[in-house]
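A short write-up of the structure that comes next.
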There are 2 protein chains.
Amino acid sequence: MIAQRPKRLTRDDWLAAGAKRLAAAGAEALKAEPMARHMKTTKGSFYWHFKDVPDFHDRILSRWETSALADLSAVLDGETGAVPRLRALAQSIAAPETGSATESAMRSWATTHAGARAALARVDEARLAALQDLLSETGIGNPEMARIIYAAGIGMERLGQTGAGDNHGSIGSLVDLVLALR
Amino acid sequence: MIAQRPKRLTRDDWLAAGAKRLAAAGAEALKAEPMARHMKTTKGSFYWHFKDVPDFHDRILSRWETSALADLSAVLDGETGAVPRLRALAQSIAAPETGSATESAMRSWATTHAGARAALARVDEARLAALQDLLSETGIGNPEMARIIYAAGIGMERLGQTGAGDNHGSIGSLVDLVLALR
DNA sequence: GCCATGGCATACGCGGGCGTATGCCAACCC
DNA sequence: GGGTTGGCATACGCCCGCGTATGCCATGGC
């Protein structure tokens, strides 16, 4: 139980709650009145902080993109050396500690929402580029390999939702397989 | 332009149209009144053929599951020998000729709809088992490898939506990588 | 302590999807 | 060729989400 008192909400409170709802219930939950009910307030507050529903959506997407790119940097900075970084990055894609549900909801949203599709494409691009750079450093120039690892990562993130399986181990094995090409 | 005349619709006409709409516009489009408008009829017809909207959804899911499992058999029957079958199966997962958009919409739907999640889990299970069997036949017993190939396949299906890349070639390279383990 | 704003509550009208009820018409049936 | 049934059309009442308008109250500035 935390702060039961914040009678006054900030715009970021709304965006943070929106991000949680997105992860928990999908993009369909990001509507003004349901959100207001969830926040135990009224939509008067919603329309004070946001122009309209699309505005809310855009800001949530922008927030997510920023944090996803920051997480990417954090993962890379958490290790030294190309191979350890490669492993850490692959793991974080296959099973992100914070945000597996969020990531999944974003991919779902992207199939119908143009803004989500664009934001996700930029994040995918950045991660793929990072993978490719690390592989190059270890002497693997073939760009197909980065694509294989990234695709396997996001695929496992989805398989992890239903069928129980060891993504952590599997993605590690794949990295081994690729590194054996040196 | 085909049959402009079918003034009388069958239940399967509705389901076929629903499958198309699902692929084109996502599960949100599978509502009674929008569907009726799309079919140039009224919801009187809809509620004649279906008890309610969930009933419509369930039948669409059931139809998709059946056809996905049939496609799986067809792909396997289209080749002889474990390795050719393995390649054909991997290709069909990464870039299904008919139904890349459908498959994507199903995965999106599965994040919020329990029935879709269950149907997709059964299909995933069947494909994964088929992959594993084929790998066993070629002498690769490690079940992680099937998981890696399948995850890469569904991941590439998603990457193909936005970033242009050669899924066909990449998944083939992955199969080569795994087969080199023999 | 007054008042000015910031932050919300309340109350509308609107559109759109749901499900039901009932009416209508075209085909078959004999 | 008159009835019966299958297949839709029309019309209702409902709920829910949108966006706006306006009212209210609690703080902080002076």
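Nothing in this text is a laboratory measurement; each read-out follows from the coordinates by a stated rule. Please read these numbers as outputs of a predicted model, since none were measured by experiment. Methodologically, a virtual Cβ is constructed for each residue, glycine included, from the backbone with ideal geometry; neighbour enumeration extends over all protein chains shown.
Which FRET efficiency value, to the nearest 0.05, do you get for A:Glu137 and B:Arg182 by plugging their Cβ-Cβ distance into 1/(1 + (r/R0)^6) with R0 = 25 Å? Given R0 = 25 Å and the Cβ-Cβ separation, E is 0.25.
Gap in Å between the Cα centre of segment A:10-41 and the Cα centre of segment A:61-125? Cα centroid of segment A:61-125 versus Cα centroid of segment A:10-41: 21 Å apart.
Only alpha carbons enter this Debye calculation for segment B:32-144, each as an equal point scatterer, and the log10 of I(q)/I(0) it gives at q = 0.10, 0.17 Å⁻¹ is -0.40, -0.89.
Around the Cα centre of the protein assembly as shown, unit charges on the Cβ atoms of Lys, Arg, Asp and Glu (plus for the first two, minus for the last two) sum to a dipole of about 1780 debye.
With a simple spin-label model that places each label point 7 Å from the Cα along the Cα-to-Cβ direction, the separation between A:Thr66 and B:Tyr47 comes to 4.8 nm.
Find out how many positive minus negative residues lie around A:Lys51, taking Lys and Arg as positive, Asp and Glu as negative, among other residues whose Cβ is under 11 Å from that of A:Lys51. Local net charge: -2. Placing unit charges on each Cβ (+1 for Lys and Arg, -1 for Asp and Glu) gives chain A a dipole about its Cα centre, and among A:Pro84, A:Tyr150, A:Thr112 the Cα reaching farthest toward its positive end belongs to A:Thr112. Rounded to the nearest whole Hz, the Karplus-based 3J(HN,Hα) values (6.51 cos²θ - 1.76 cosθ + 1.60, θ = phi - 60°) of segment B:38-55 follow the sequence 4, 8, 6, 9, 10, 6, x, 5, 3, 6, 6, 8, 10, 4, 6, 5, x, 4, with x at glycine and proline.
For B:Lys43, a cut-off of 25 angstrom between C-alpha atoms picks up these lysines, skipping any fewer than 8 places away in its own chain: B:Lys7, B:Lys20, B:Lys31, B:Lys51. Inter-label distance, B:Ala32 to A:Leu9: 3.2 nm, where each label sits 7 Å from its Cα along the C-beta direction. Rounded to the nearest 20 debye, the dipole magnitude of chain B is 940 debye, with +1 charges on Lys and Arg beta carbons, -1 on Asp and Glu beta carbons, and the Cα centre as origin. Taking Cα centre as origin and charging only the Cβ of basic (Lys, Arg, +1) and acidic (Asp, Glu, -1) residues, the dipole magnitude of segment B:48-156 rounds to 180 debye.
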